[in-house]
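Scroll down for the structure; my scribbles are underneath it.
The values are calculated or read from the model by the stated rules, or taken from the named source; none is laboratory data. Just so it is clear, the model here is predicted, and its values are computed rather than measured. Cβ sites come from the backbone with ideal geometry, for glycine too, and all protein chains shown count toward neighbours.
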Amino acid sequence: MTPGISIHFVDHGTFEAAVGDSILDVAMRHEVPLDHACGAVCACSTCHVRVEAGADALSEASEDEEDQLDAARDLGLDSRLGCQARLERAPAGGEVRVRIPSWNVNLVREGG
Ligand code: FES
């Protein structure tokens, strides 16, 4: 594991992460409620997150990811699919900060 990389999930906490981890991998390891209806194969948009800081540490979005994001609610310029955005390096600003849209959190709590 590359030392010093962590992801802060707003309202949920900060967790260690390694190069190669997707945002969803880290969320799942720490029981952060991030939906992933298609099983992380880029065929839904339920793992949509907003990357508020540290996007430079993440893999670039593929065309498939951008297509899925077009269908996501609450879309912004900082939107990513949690299962597709992978850590490639430590963020220049020292922090990757991720916000899970509140409708998505509710979806998980209600069991879909
Ligand atoms: S879990 Fe379906 S696209 Fe990420």
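Key figures for this structure:
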item	result
Residue match in region 64-78 (condition: outside any loop (DSSP other than H, G, I, E, B), away from the ligand (no atom under 16 Å from the Cβ), modelled with pLDDT of 95 or more and crowded, with 18+ Cβ neighbours inside 10 Å)	no
Residue within region 14-31 that is at pLDDT 95 or above, of a type in the set (A, V, I, L, M), within 10 Å of the ligand (Cβ to nearest atom) and out of contact with any Ser or Thr (no Cβ under 9 Å at 6 or more places or on another chain) present	yes
Residue in region 100-112 that is under 19 Å from Asp11 (Cβ atoms), within 16 Å of the ligand (Cβ to nearest atom), touching a residue at least 40 places away in the same chain (Cβ under 8 Å) and touching a Gly at 6+ places or on another chain (Cβ under 6 Å) present	no
Residue match in region 38-61 (condition: within 12 Å of the ligand (Cβ to nearest atom), part of a strand (DSSP E or B) and at pLDDT 95 or above)	yes
